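Since every read-out is calculated from the coordinates, none of them should be taken as a lab result. Here the structure is a predicted model, which means the values were calculated and not measured. Reconstructed Cβ throughout: ideal geometry from the backbone, glycine too, with neighbour counts over all protein chains shown.
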Amino acid sequence: MGKNKFVSVLIEVIAVMVCLLFIVPFVFAIINSLKTYPEMMESFIKLPSQLSFENYSKAWAVMNGFRPFINSIIITVCSIIGIVMLSSMAAYKLSRTKDRKSWVIYLVFVFAMVVPFHCYMIPLVKFTAFLNLTKSYIGIVLIYWGICMPYAIFLLHGFVKSIPYDIEESAIIDGCGPFQTFFFIVLPLMKSIISTLIVIDVIMIWNDFLLPMLIIFMDRGMRTVPLVQYNLYGEYNNEWNTALAAMMLAVTPCIIFFIFMQKYIVRGITSGSVKG
C-alpha cells in the first residue's frame, strides 16, 4: 500500500512539473507583453511596475485589425467541415467493407501519416500554381483536406470498428438506406471522437505558418494571423514586448476554443484508440 502511494505521489509531482514547464513561459509572455520596451529589457522576470496596453494596440495596428482573424476563421472552418465529412465517410466505408482492397486503401492512408510535409512541399506548391489555386481560399483549403485526412481516417477508423454492427442492422431492417444509416445512426455515435479531431485540427490549422506562407503570402488581403505576426520580426525590429502582445492576441481564440472543447479530447482519443 505504501509503495502504491509513493508511486501515485511521484506521478503527481512529475505531472505538476510538466505543467509548470508549459505554463511558466506562457506566464512570462503575458507579463512582458504588458511592459514597456525599456522595462522589459531591464528584467524579463520582474513584474511590470505599471500595466501598459499600448503594446496590444500597436500589435493590433501592425496585424491589420480583424482581417487576418477573419481569414484564419474562413480557412479553418472550411477545412474542418471538409475534413470531418470526408474522413468520417471514408473511415466508415473502409471499416465496414471487409475485403483486401479496403485494407490496402487504409494502409495507404496510414503510410501517408508518416510522410513529412517537407518531402512533397515543393511539388505541391508547383502543382497548386499550375492549377491557378494560389492566392485563393479554395487552394489552401483543399491542401489542408489532403494533409489532415490520413490521420483523421486513422482516428475515426478505430472508433467505427468499436460500434456494434447490430445497431446498423436494426436500422437497415427498419428501412434505412446506407446514407440514412450513416448520417442518422453512425455519425451521432462518433460525436466524441469527431470533437477530438476538430480540436486537434483547429489548433494545427490556426497556428500553421508554412503552408499559408507558400500559398497565400503574396496576397496581403488574405494573410492569416501567423503571417501578419511575421511583420513584427525582422533584422532591425526587436520590440519583443509588441511581438509578445501580438502572440497573445493570436493564441487567445485558440485557447478559448480549446477550453470549451477540452472535455472531449481524452474521451475521444481513448474511445478511438483503445477500443479500435
Region 113-178 and region 206-257: distance between their alpha carbon centers, rounded to Å: 27
Overall dimensions of the chain by Cα: Rg and Dmax, Å: 23.0, 74
Contact order relative to length of the chain, as percent, for alpha carbon pairs under 8 angstrom and 6 or more apart: 31
Summed residue charge, Cβ within 15 Å of Tyr37's Cβ, Lys/Arg positive, Asp/Glu negative: -1
3J(HN,Hα) from dihedral phi, region 254-260, Karplus parametrisation 6.51/-1.76/1.60, rounded to Hz, x for glycine, proline: 5, 5, 4, 5, 5, 4, 5
HN-Hα J in Hz across region 176-182 - Karplus 6.51, -1.76, 1.60, θ = phi - 60°, x for Gly and Pro: 6, x, x, 5, 5, 4, 5
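Highest mean first, how do 119-131, 214-226 rank when packing is the count of other Cβ atoms within 10 Å averaged over residues?
Values: 119-131: 12.6, 214-226: 18.6.
Peptide ranking by packing, descending: 214-226, 119-131.
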Neighbour-count ranking [beta-carbon atoms within 10 angstrom, fewest first] of Thr181, Thr252: Thr252, Thr181
Overall Cα dimensions of region 106-210 - principal axes, largest extent first, Å: 50, 25, 25
Violating pairs (Cα-Cα greater than 30 angstrom) within the set Lys93/Lys263; Lys93/Lys126; Lys93/Lys135; Lys161/Lys263: Lys93/Lys126; Lys93/Lys135
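Quote the charge dipole size of the chain about the Cα centre in Debye, to the nearest 20; the model charges only the Cβ of Lys and Arg (+1) and of Asp and Glu (-1).
Values: 20 positive and 14 negative charges, 100 e Å.
Here the chain has a charge dipole of around 480 debye.
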Lysines with Cα under 19 Å of Lys35, excluding same-chain neighbours fewer than 8 positions away: Lys46, Lys58
By average C-beta atoms within 10 angstrom, highest first, the peptides 108-118, 30-40: 30-40, 108-118
Which of Ser49, Ser72 has the fewest Cβ neighbours within 10 Å, and the rest in rising order: Ser49, Ser72
Sequence ranges 17-24, 193-200, 133-140, ranked by mean other-Cβ count within 10 angstrom, highest first: 193-200, 133-140, 17-24
Mean ellipticity per residue at 222 nm, deg cm²/dmol - from DSSP H runs of n ≥ 4 across the chain, formula -39500 (n - 2.57): -24000 deg cm²/dmol
³J(HN,Hα), Karplus 6.51/-1.76/1.60, whole Hz, each residue of region 124-132, x for Gly, Pro: 5, 5, 5, 5, 5, 5, 4, 7, 6
